[in-house]
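The values are calculated or read from the model by the stated rules, or taken from the named source; none is laboratory data. All values reported here derive from a predicted model rather than from experimental measurement. Cβ: placed from backbone, ideal geometry, glycine included. Neighbour counts: every protein chain shown. What goes into the accessible areas is simple: the full protein's heavy atoms, side chains included, and nothing from ligands, DNA or RNA. Shrake-Rupley method; radii C 1.70, N 1.55, O 1.52, S 1.80 Å.
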Amino acid sequence: MGARIVVAEDDPKQADLVRRYLERDGHSVVIAPDGRAALDEVRRRGPDLLVLDLMMPRVDGLDVCRIVRADESTAQLPIIMLTARTGEDDLLLALDLGADDYLTKPYSPRELAARVRTVLRRAQRSAAADDGVHRVGSLTVDTRRHEASRAGTPVELTAAEFRILASLCAEPGKVFTRQQLIDRAFGFDHYVLDRTVDVHVMNLRRKLEDDPARPTVILTVYGVGYKLAEEEDGAP
């Protein structure tokens, strides 16, 4: 079955093009021409996904993202951010605010449709893992037992390593900024250098990768952070 998608895009031609591509995949699409309309549609319709342009009139995309994430009823809504800005700071801010993925303009509607399928699949997988066990390829992380294994072989991890890996495993394919991983591994009230995350990831790769110098499990997204390879992309 298709998903219910709100597309917040103020360019009518681009919005119509995106709508047609997503409806071709069987989704139900509602267009919101500004940020305030996007918030109204999200609250009214309870969609499965929000496609959100960063540069929106009335309420910009970053503020929409903040408001959606602050509301308990919409906090888990997957968000794909569209942005004409290419600066790292803007992309990092969007991800830190809770965007699940992003595309920079100009982009192909076909690529957006593919990203939508990926984010929806990831959200379904995350919702299904309510037993606290995440399985991605040969990797298994059990958050209740605080155990990790690869291909059936237990992997000994420090507490911080485990929390970082559990975060990545909960949403394979999602890009996490270093700040997001710091918040999840150490808490919001701890001051931790970005470099600390890099060291933990390096240690995780030594324990999980066949060749840590050429990682296929935990991937670097340069200028942004890290993601866990999805099963079909990176699992052995």
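For the reader, a short list of remarks on this structure follows.
- Looking only at the range 136-159, residues that are free of Cβ contacts under 8 Å to residues at least 12 places away in the same chain and closer than 16 Å to E171 by Cα come to 2 in all.
- Applying the condition of being open to solvent by 20 Å² or more (accessible area, probe 1.4 Å) and either under 21 Å from D71 (Cα atoms) or not charged (D, E, K, R) (or both) to the range 110-119 and asking which residue is modelled with the highest pLDDT yields A114.
- Whenever a residue of the range 8-28 is touching a residue at least 40 places away in the same chain (Cβ under 8 Å), its partners that are among the basic types (K, R) and open to solvent by 70 Å² or more (accessible area, probe 1.4 Å), lying with C-beta atoms within less than 9 angstrom and at least six residues away or across chains, give the pairs Y21/R110; D25/R117; H27/R4.
- Filter result (under 13 Å from A3 (Cβ atoms), of a type in the set (D, E) and within 18 Å of the chain's Cα centre (by Cα)) within the range 20-73: D48
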